[in-house]
Amino acid sequence: MTKYRLHNLCFVIELKFITAMQKKTYKFSSKEVVYYFDASFSFLEKLVDKNNAVIVTDENVFSDHKKKFAGWKTIVIKAGEEFKTQTTVDSIIQQLINHGADRKTFVIGVGGGVVTDMTGYAGSIYMRGVKFGFVPTSILAMVDASIGGKNGVDVGVYKNLVGLIKQPEFLLYDISLLKSLPKEEWVNGFAEIIKHAAIKDALLFKELEKNKLSFYQKDKSALAKLIRRNVMIKSGVVQKDEFEKGERRLLNFGHTLGHAIENLYQLPHGHAISIGMVAACLLAEQFADFKDTGRLVDVLKKYGLPTFAEIDSKKVFQVLKMDKKKELSAMNYIMLKKIGNAFVKSIPIDELEELVKSITMSR
Ligand SMILES: NC(=O)c1ccc[n+]([C@@H]2O[C@H](COP(=O)([O-])OP(=O)(O)OC[C@H]3O[C@@H](n4cnc5c(N)ncnc54)[C@H](O)[C@@H]3O)[C@@H](O)[C@H]2O)c1
Ligand SMILES: [Zn+2]
């Protein structure tokens with residue numbers, strides 16, 4: 001009897017756990033990626049064979065969540081964008097060899113976008129590709145970096161210059177991991193959330209105008225809903241255009257100037273694209289009669305993001321010219337017609353140099 005009750009109790013607990021967690025599958029060209037929302041980190045043990053899996057994480061995430069990593073083979077890399085390099089990937093590969101990783105080994109990136117980008121890249125090339133999955137731990141990685149299969153490393157000042165597009169097997173969302181995320185990283189992540197709203201979701205933009213960061217930090221269910229809505233925006237865009245021939249380009253809103261100033265001035269990614277989004281709006285005022293720059297500036301400021309920086313337009317232009325969004329002698333620049341409605345404008349490179357000068361001097 002006791003045994004029966006105990007068994008039943010376990011069943012109830014398991015059932016409760018399963019109903020709380022929600023599973024959604026997104027089909028991309030090469031594979032179906034399974035998203036586990038409202039999941040718990042410990043569920044990872046059900047997804048992979050712990051004995052033949054290696055977790056890649058960074059030193060911050062590792063030290064803040066040490067207990068969770070007990071019993072897992074781990075590779076702990078140094079934290080920060082400056083370590084998103086081929087040298088770090090080489091070291092990950094060496095450590096995979098040391099762990100005895102073979103073709104059947106599952107590699108799991110547990111961390112922010114730097115970790116997931118490099119884990120996806122290392123997993124894609126190790127033994128010509130092993131299976132990999134992600135547990136994003138920053139807002140930015142949850143709503144953006146871990147989704148869509150782009151992975152790679154920086155080369156000097158050139159962001160994400162080397163890499164490839166390959167989808168993970170799964171994404172596991174455990175928002176309790178965000179408890180240890182520093183405030184400035186919340187702010188960074190909200191830059192991408194505001195970006196999604198600006199290009200695709202006018203209603204979400206209004207919600208963001210109404211609320212503030214501390215609201216989402218306190219209200220777990222509002223945060224979970226917000227993250228899921230953003231995951232759906234990004235996944236939907238990628239699904240339509242996995243290899244960035246059209247629609248996916250819209251996600252680069254704010255990123256053209258943003259990427260150029262990010263590494264040149266060592267700015268946090270969210271700060272750089274925040275400034276980039278405002279610059280793109282100023283261009284959109286000229287090209288598309290866009291009228292809501294003020295609303296975007298106000299929302300960015302509300303979530304603690306900068307909207308302007310003193311920059312050397314000549315230097316910035318040199319880096320900008322190398323951007324992957326360049327095609328022949330023109331650059332695909334993302335602009336807004338209205339909040340929630342973005343479009344791609346091809347601007348000749350020589351014209352762009354003048355425009356960059358004008359928008360960086362005009363404030
Ligand atoms: N692949 C893509 O499509 C894509 C899209 C957007 C951004 N990115 C890339 O993502 C990177 C930025 O991502 P990011 O902002 O997550 O950077 P990150 O990985 O450097 O994380 C930011 C900081 O937060 C720390 N951190 C992360 N999660 C934590 C947690 N739960 N608790 C405590 N500390 C934690 C990290 O250690 C790091 O210091 C950039 O390299 C960018 O190029 C990629
Ligand atoms: Zn970004």
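Kirkwood analysis of the stretch 95-176, using all unique Cα-Cα pairs, places the hydrodynamic radius at 12.7 Å.
For a straight C-alpha distance cut-off of 25 angstrom, the lysines reachable from LYS66 (same-chain residues fewer than eight places away being disregarded) are LYS46, LYS50, LYS78, LYS84, LYS131, LYS179, LYS183, LYS218, LYS220. Basic side chains Lys and Arg get +1 at the Cβ, acidic Asp and Glu get -1 at the Cβ, and with that the dipole of the stretch 127-201 about its Cα centre reaches some 240 debye. For the pair the stretch 136-202 and the stretch 20-55, the centres of their Cα atoms are 17 angstrom apart.
The value obtained for the chain, namely the Cα convex hull volume divided by the number of residues, is 137 Å³ per residue.
Solvent-accessible area assigned to carbon and sulfur over the chain amounts to 54 percent, based on a 1.4 Å probe.
In terms of its alpha-carbon gyration tensor, the stretch 57-111 comes out oblate; a/c meets the 1.5 threshold, while b/c is at least as large as a/b. Helical content of the chain, expressed as a calculated mean residue ellipticity at 222 nm, amounts to -14500 deg cm²/dmol (DSSP H runs of 4 or more residues, -39,500 (n - 2.57) each, divided by residue number, nearest 500).
Going by the alpha-carbon gyration tensor, a ≥ b ≥ c the square roots of its eigenvalues, is the stretch 244-305 rounded (a/c under 1.5) or, if a/c is not under 1.5, prolate (a/b greater than b/c) versus oblate?
Note, shape of the stretch 244-305 comes out oblate.
The mean accessible area for residues of the chain, using a 1.4 Å probe and ignoring ligands and nucleic acids, is 46 Å² per residue. What is the angle, in °, between the Cα long axis of helix 113-125 and the longest principal axis of the Cα atoms in the chain? Nearest 10 is fine, range 0 to 90. Relative to the chain, helix 113-125 is tipped by roughly 70 degrees. A cut-off of 5 Å between modelled amide H atoms, ignoring neighbours fewer than 5 places along the same chain, links ILE75 with ILE55, VAL56, THR57. Using the Cα coordinates of the stretch 119-223, the gyration tensor eigenvalues translate into equivalent-ellipsoid semi-axes of 29, 16, 13 Å, sorted from longest to shortest.
Nearest 20 debye, what's the magnitude of the dipole of the stretch 164-260 about its Cα centre given +1 on Lys and Arg Cβ and -1 on Asp and Glu Cβ?
With only Lys, Arg, Asp and Glu charged at Cβ, the dipole is about 240 debye.
Relative to the longest principal axis of the Cα atoms of the chain, the long axis of helix 255-264 makes an angle of roughly 80 degrees. Note on the stretch 140-289: percent of Cα-Cα distances in each 5 Å bin, starting at 0 and stopping at the bin with the largest distance, equals 2, 8, 16, 22, 22, 17, 9, 3, 0. Taken about its Cα centre, the chain carries a charge dipole of about 1240 debye when Lys and Arg each add +1 at the Cβ and Asp and Glu each add -1 at the Cβ. The Cβ shell under 12 Å around ALA101 holds other residues with a net charge of +3, Lys and Arg each +1, Asp and Glu each -1.
Here's the picture: charge each Lys and Arg Cβ at +1 and each Asp and Glu Cβ at -1 in the stretch 165-320, and of HIS271, LEU305, ILE233 the one pushed furthest to the positive end of that dipole is ILE233.
The long axis of helix 183-200 is offset from the longest Cα principal axis of the chain by roughly 70 degrees.
The values are calculated or read from the model by the stated rules, or taken from the named source; none is laboratory data. From a predicted model like this one, the values you see are computed outputs, not experimental measurements. Note that we place each Cβ from the backbone using ideal geometry, even for glycine, and neighbour counts take in every protein chain shown. Note: accessible area is taken over every heavy atom of the protein model, side chains too, but ligands, DNA and RNA are not part of it. Shrake-Rupley method; radii C 1.70, N 1.55, O 1.52, S 1.80 Å.
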